[in-house]
Structure formats: C-alpha cells, structure tokens
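Step one of this worksheet: look at the structure below.
The values are calculated or read from the model by the stated rules, or taken from the named source; none is laboratory data. Only a predicted model underlies this, so the values are computations on that prediction, with no experimental measurement involved. Note that each Cβ is placed from the backbone with ideal geometry, even for glycine, and that neighbours are counted across all protein chains shown. Quick note on the areas: whole protein, heavy atoms, side chains included, nothing else; ligands and nucleic acids left out. Shrake-Rupley method; radii C 1.70, N 1.55, O 1.52, S 1.80 Å.
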Amino acid sequence: MSDSDESAGPITAATDRLIITAGTLNAETLTGPSLCPGWSRAHVLTHVARSADALTNLLTWARTGKETPAYPSREARQADIEAGADRSLDDLIEDVKIASDRFASAVTELPADAWQHEVRIGTGTGGKTIPARRTLWLRLQELEVHHVDLDAGYTWNDWPEMFVKRALAEAVRNLGQRDDAPQLTLVIDGGAARIGPSGGTTVSGSARPMLAWLLGRSSGQELTTPDGPLPALPALL
C-alpha cells in the first residue's frame, strides 16, 4: 500500500463491510457497550466518521500547503464524539458514508507529487509528522480495528490477510520501540521477533491472534507461553 491507487480498493471494501455490519444494529444494540472501554457502538461509529474527517484535513493540508490539523484539540475531538453518539442509527450510518466519501474525494484530488508532503497526526500542534501517503494506511487501520470494536459479528478472524501482514509487522515494531514494553520473544508461525534485549517471556501463536492481542482486541487465549500467564502489555498510544 504505497499510493492512492493501491489503497483505494481496500479502504472502500473495508468501509462497505463496516456499513453492512452497522446496518444490523438496532436502537438497543446501538447504545450497548462496544469493545472500546467507555464507548457505546454509537461512539465507535461517530469516531469512525470523525477520524475520516481528520484524515481529510491532513490531505487538504498536503494539497494546499496550509496547515490544517487533524483535530483542533483533544477536547474538541472528544466533544464531537460525545455529541454525535446521541444520534439515530440512520443518522450515524449516513454520517459514516458522507465522511468516507469526503475522504475518498480528497484522495482523488491530491496531486501525485503531494503524497510526499509532510503533515502531522494528532491534535492541535502536537503529534507526529508523517508523509501524506500514510493517511491511506491509517484510514484502513481505523476501519478494520473499529469494525471489530463494534462487537457485532465482525472479528479479528475476519481481517483481510493483507491487513494482518502489515499491521502485525507495525505492531511488533512499535512495541519494540516503547520503554514500557515487557521483555518478549514472539514466535509467530514459526518465525521469532524479540522485544527488548533479553528475550524475556516467549509467546507463541499464529499471526491473527497475535495481532489481536498486540492491539488489545483479544485476551490472547489462542496464544501459548511456557512461562505462565501472558505478560501485560502497555496501553496503546
């Protein structure tokens, strides 16, 4: 997934899958708890829409050269999610569709040479600088992970193989860069990855359950370790 043409298909397909799942909800299940602590399914759908707008802002920044933060502030981000979560299912689904279409239009409108322009993820003036092309991968991550968070039938077992492969590589790399990560040796489908200098606890399993555990979307019951219970992972940033 290195440019807009390669990424448009997976993002569109992931959006369509999420909208189909959302359509199976009703007024009662919509307000029930999601897999995101403190959020209902309505909160998750609102966040999926607002995160599309945030990434659209970054593509606008890349296209125009005028700094356009993803979110004005952390407080504004949270307020928008809380306000949007009180809407009806039809309104929430329509919001996801419209916001996703806005992002798709921003992808189409971005000139080829602007994909390398630097933008900043996060809120306000804080956050990490990334090339604009990375917004495509970030959008796919948002869709796939939060689709699971709806807890409405779509699970990490349904993640596309392409997504699992790239997301797992990034999750292992990101964990290895954290000072608060436990010492681990991850044995994934026979290959090993070390987190920390000592190797620490060995955790073995296949790619999907390993990724779900690293992303906090599974307790890791499908994984094995000879050293007792699985170690606690740091909260995702």
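Qualifying GluC sites (Glu not before Pro) in the range 1-87, where qualification requires a DSSP coil assignment and no more than 14 other C-beta atoms within 10 Å, comprise GLU67. Rounded, prolate or oblate, given the Cα gyration tensor of the range 72-175, with a/c below 1.5 counting as rounded? Since a/c stays below 1.5, the shape of the range 72-175 is classed as rounded. Average accessible surface for the range 147-226: 47 Å² per residue, computed with a 1.4 Å probe over protein heavy atoms with every protein chain in place.
Taking only the C-alpha atoms of the chain, Rg followed by Dmax gives 18.4, 54 Å. Of all lysines in the structure, those lying under 24 Å Cα to Cα from LYS165, and not within fewer than 8 positions of it along the same chain, are LYS128. Using a probe of 1.4 angstrom and keeping all protein chains present, the accessible surface of the range 1-84 works out to 48 square angstrom per residue. Counting only aspartates and glutamates at least 8 places from LYS97 when in the same chain, those with an alpha carbon closer than 15 Å to its own are ASP16, ASP53, GLU142.
Label positions at THR129 and GLU222, each projected 7 Å from the Cα along the C-beta direction, are separated by 4.0 nm. Maximal additional length on extending the SER88-ASN174 stretch stands at 27.3 nm, based on 0.36 nm per residue less the C-alpha distance. The modelled label-to-label distance between THR24 and ASP158, using points 7 Å beyond Cα along the C-beta direction, is 0.5 nm. In this structure ILE20 has an accessible area near 120 Å², from a 1.4 Å probe over the protein heavy atoms.
Please list, by residue number, every one of the trypsin sites (Lys or Arg not before Pro) in the range 109-188 that is coil in DSSP and has at most 16 other beta-carbon atoms within 10 Å.
Values: sites: ARG120, LYS128, ARG133, ARG134, ARG139, LYS165, ARG166, ARG173, ARG178; in loops: LYS128, ARG133, ARG178.
For trypsin sites (Lys or Arg not before Pro) across the range 109-188 that sit outside H, G, I, E and B with at most 16 neighbouring Cβ atoms in 10 Å, the list reads LYS128, ARG178.
Ligands, DNA and RNA left out, the 1.4 Å accessible surface of the range 164-224 is 48% carbon and sulfur atoms. Based on DSSP H segments of at least four residues, each scored -39500 (n - 2.57), the chain has a per-residue ellipticity at 222 nm of -16500 deg cm²/dmol.
Only protein heavy atoms count here; under a 1.4 Å probe, TYR154 has an accessible surface of about 20 Å².
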